[in-house]
Each structure stands twice: as C-alpha cells, then as structure tokens.
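Some notes on the structure that comes next.
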Amino acid sequence: MNVSLRFGYLLAVVLVGLTACQKPASPAEYNAKAANPEYYNSALNKLTEVVIHDIFSPPVASRIYSYANLAGYEALVPFDAQYESLGGKLKRFQSGPKPEPGKEYCFPLASTRAFLTVARALTFSVDFYDTFEKPFYEQYKKDGVPDEVYDRSIAYGEAVAKHILDYAAKDSYKQTRGFKHTVTNEEGSWVPTPPAYMDAAEPQWNKLRCWAMDTCNQFMPPRPHPYSLVKGSPYEKELDEVYQTGKNVDKQKQDIAYFWDDNAFVMNVAGHVMYASKKMTPGGHWLAIAQTISRKKKLNMMQTVEAYALTSFALSDGFISCWDEKYRSKTVRPETVINKLIDPKWTPFLQTPPFPEYPSGHSVISTAAATVLTSLMGDNIAFTDSTEFPYGHGVRSFPSIRAAADEASISRLYGGIHYRSALDNGQVEGEKVGKWVLEKIHTRKSAVAQR
C-alpha cells in the first residue's frame, strides 16, 4: 500500500472512531436547540410572504393566521407543563391528538410542522413552502434530533394540523364564498369607489364562527351619525373634517397614513394603464409587531407562540365584529360624498378600500390586538416597528403598544377614508373584543400566572 493510500485509510479509521465515541444529543439538548423561537418566527414570516403574494383580503388573512397559530400552539402545549390545550375555550373546539405516552418527541418541531401544514392547506402558492421547508426541517436534524424522534414529531404535528383543519372546515367559510353585496344607491349608503370600483369585500363575514365572542354582534358599536348635509349636523361636521384634512395633510400625516395603509390590493393608475401592488394586511402587521416585541423581551418559544395565537384570535374576532357592523350600517365613504357634492377633484391620500365605512377596521383590530399584547407584554414597552420596511413603508417608533394602535386608528382620517366617529367607536369596540379574548381564552393552567 502506498503512503497516500495508507494515510487515507488511517484517517478514515480515526474519523469513524471519533464518530462512534460521540455521545448522541439528549432530549434536553436537542429540544433546547429546537425551541429557538426564531424557527417559529421564520415559519410565520413565510406565511406572511405567501399571504401577501396570494392577495388575501384582511379578514381572510386573519382566519389563516388564526388556524395556523392554533395548530402551532396545540402541538407545542405538551412541551410546557404550565400551558394547556385550548379545547373547550375556543368556540366549539375540542382538544386533538395526544402524544403517545412513554415516547420521546421534539414538540417544537411538531409545532412548526403543524403550523406549516395548516398554512399550506389554507393558501395557494405552495411552491413558496417547497423551497423553504427542506433546509428548514434539516436544521432540526443538525440540532441532534434522532431520526426516530424526528419522524414521530413530524407525524404528531401533522395529526394536530389535520385536527385543526377539520375544525376550520366547519366555520362556515366555504358557505360564504361567492356572495355579493347588493348596492342600493340609497342616499348615504355605500357604493363602489375609484379607481377600480371593486365589489364590496366579504359581505357575509359575520356568518363565520367566532373564536371567543358569543355572537358576531356582541360588541355592536353605537349607530353612526345619520347621513345629513345640513350645515352643522354631526355628519356634515365629520365630512368636512375629512375634506379639510385631505386638502391640508402634511408630510408627517402622510407618512403615518402610508405606514399603516396595509391595503392588500392597491390599484395604481398611470394614464391608460392600471396595475396592482400588494401590501401586508393589518393582521400581518400586528403579528409582525408581536414578533418585534417578543424578540425585545426575549420570550421563549412557548410564550412567543402564545402571543401569536391570542393576538390572532383577537384579530379574527375583531374582523367578524367589525364586518358585522359594516354591512349593517352600510355607511358611504367620504370620497363618494365629497366628489359628488363638494369637490369632484378631491382624492383621499390613501386608496379607499372596497367595503362600507363604519366602523374603521384598523381601529377595531388594532385596538383588539394591542389590548391582548399589552396584557402579555406590559403597559409601556417602547419599540421600533420596522417590519414593513421591506415593503417601502418606512420605520416608526412608539412608546407603547397602545400608542401604535392609536396611531393606526388616526391614520385612517389622515388617509381620507374614514370619519372620526368610525375611529373612536371602532377603538372602543376593539378594546372590548381584546378584553373578551383575554377573559375567555386562558392558555396557562394558573390563572394568576396567566395575566
């Protein structure tokens, strides 16, 4: 045997010997690595990328986030004895599959598998997950998860996901597809707005099963001001405020309006050319805020997933509550009245979304989410929101979570698409929704430890 072959042989023998001597990672070791919240964060961010690409409306996006995070939470619950299943706490939801006694699992892996399985099932562009998942799951093996435990954990995550998808199939979503809102052209009632004059979005959304609320109209806001153009009437005053704000909106207010726009589908018109641009939904924005703050507070994976789940439920119930009122009051948008009766050349700074005006969806869902996050994270946690910087929305800093929700609400007046009472009453409605979610959906076994 020549020298080079002999050296290669000896090296191979040494390497095999070293490998044989290495101690396999213990369950505590590989679970500690697998429980890195950044793994779950990356899965959530991939879902947000797909939601944006697939142009889901804000209410539909909130539904997707809620089921995916419910799956992630339920598959992770056995990992932490302080937490418990949400069976019996969410409307008509029962606990799902249990892990096999006496067998080892990597529950953080099961959690992300459950999340991504549900995300795949409820979105369209599955090729986005194809390129993401191979290196994503390979990381768990690099963390030392044994093959047998890996396979068992993947299977458990898929079983939980199936249970969640069965639950989702019974929420009446499919039964609400294909319905269109009938435009009556009654004075003061909603009609489609420029530039695309799209049909009203999700007119049957109040038919969906609630998450924590008893009914879709449990937190019905006060009646909007009656439509009246009599000088000095409450409605006329609010209309004039929108008109004057739009004519005099400064750079600071424009920045605020644009930062919180979160319009999933904006039609751009350039001469005879019309093209669409995609943006993050309000729900995606608030889950991104939850991610920013959970990182700042260095929350563990269980705490992070808890925050995502509860925030998602508040967003979803907020949309159900808000949309119930939108299609009850059917309030006309400011742009329609101003163009018709005051100034035909006036345009709002933001593009008017395709559904009735009252109340403000941003005000309801932002306050609902902020109420939940404030309870979990603290009253005065300052943070910088840069999560939408990649989408061209800039960066903004806030002294508290509630301050961010307040700015999200007033941004709709600056954008020229809402009256002030829609903001104020929407925030009251959202706070009630958020508090109800906290009251009804207990994640931790100790009520004292929970809040």
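The values are calculated or read from the model by the stated rules, or taken from the named source; none is laboratory data. Note that the structure is predicted; figures quoted are calculated from it, not measured. Positions of Cβ are generated from backbone atoms using ideal geometry, with glycine treated the same way; all protein chains shown enter the neighbour counts. To get the accessible areas, we keep the full protein, side chains included, count just its heavy atoms, and leave off ligands, DNA and RNA. Shrake-Rupley method; radii C 1.70, N 1.55, O 1.52, S 1.80 Å.
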Kindly provide the set of residues from the range 150-171 that are open to solvent by 40 Å² or more (accessible area, probe 1.4 Å), assigned to a loop (DSSP other than H, G, I, E, B) and not basic (Lys, Arg), ordered by number.
Ala169
Return the only residue of Ala110, Ala81, Ala68 being open to solvent by 30 Å² or more (accessible area, probe 1.4 Å), of a type in the set (Gly, Ala, Ser) and either more than 24 Å from Ile365 (Cβ to Cβ) or in contact (Cβ under 8 Å) with a residue 40 or more places away in the chain (or both).
Ala81
Considering only helices (runs of 4 or more DSSP H) wholly within the range 1-98, the ones with at least 1 residues that are modelled with pLDDT of 95 or more are 27-34, 37-54, 58-76
Considering only the range 173-191, how many residues are part of a loop (DSSP other than H, G, I, E, B) and either over 26 Å from the mean Cα position of the chain (by Cα) or surrounded by fewer than 12 Cβ atoms within 10 Å (Cβ to Cβ) (or both)?
12
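Filter the range 379-420 for residues that are without any contact (Cβ under 8 Å) to a residue 12 or more places away in the chain and either farther than 18 Å from Leu287 by Cβ or aliphatic (A, V, I, L, M) (or both) and give the result. Give the steps one after another, and end with the answer.
Initially, the range 379-420 is screened for residues without any contact (Cβ under 8 Å) to a residue 12 or more places away in the chain, giving 389-390, 392, 395, 403.
Hits for the range 379-420 are Gly392, Val395, Ala403.
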Is it true that Glu202 is on the phi > 0 side of the Ramachandran plot and surrounded by 17 or more Cβ atoms within 10 Å (Cβ to Cβ)?
yes
Inside the range 205-226, can you point out the residues that are open to solvent by 70 Å² or more (accessible area, probe 1.4 Å) and more than 24 Å from Gln94 (Cβ to Cβ)?
Met220, Pro222, Arg223, His225, Pro226
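Quick check, is Thr131 surrounded by fewer than 20 Cβ atoms within 10 Å (Cβ to Cβ), assigned to a helix (DSSP H, G or I), of a type in the set (Ser, Thr, Tyr) and without any contact (Cβ under 8 Å) to a residue 24 or more places away in the chain?
Yes: the conditions hold for Thr131.
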I'd like to check something: does the range 382-389 contain any residue that is within 16 Å of the chain's Cα centre (by Cα), at pLDDT 95 or above and part of a helix (DSSP H, G or I)?
no
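Out of the range 390-418, which residues are in a helix (DSSP H, G or I) and among the hydroxyl-bearing types (Ser, Thr, Tyr)?
Tyr391, Ser409, Ser411, Tyr414, listed by residue number.
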If we keep only residues of the range 415-430 that are under 17 Å from Cys322 (Cα atoms) and small (Gly, Ala, Ser), then the residue surrounded by the fewest Cβ atoms within 10 Å (Cβ to Cβ) is Ser421
Got at least one residue in the range 397-414 being touching a Lys or Arg at 6+ places or on another chain (Cβ under 7 Å), modelled with pLDDT of 95 or more and either open to solvent by 10 Å² or more (accessible area, probe 1.4 Å) or within 18 Å of Thr311 (Cβ to Cβ) (or both)?
yes
Of all residues in the range 343-357, count the ones that are β-branched (Val, Ile, Thr) and either touching a strand residue (DSSP E or B) at 6+ places or on another chain (Cβ under 6 Å) or open to solvent by 40 Å² or more (accessible area, probe 1.4 Å) (or both).
1
Could you grab me the full set of residues in the range 38-54 that are open to solvent by 10 Å² or more (accessible area, probe 1.4 Å) and more than 17 Å from Ser153 (Cα to Cα)?
Glu38, Ser42, Asn45, Lys46, Thr48, Glu49, Ile52, His53, Asp54
Hey, can you tell me all the residues within the range 55-65 that are open to solvent by 20 Å² or more (accessible area, probe 1.4 Å) and aliphatic (A, V, I, L, M)?
Ile55
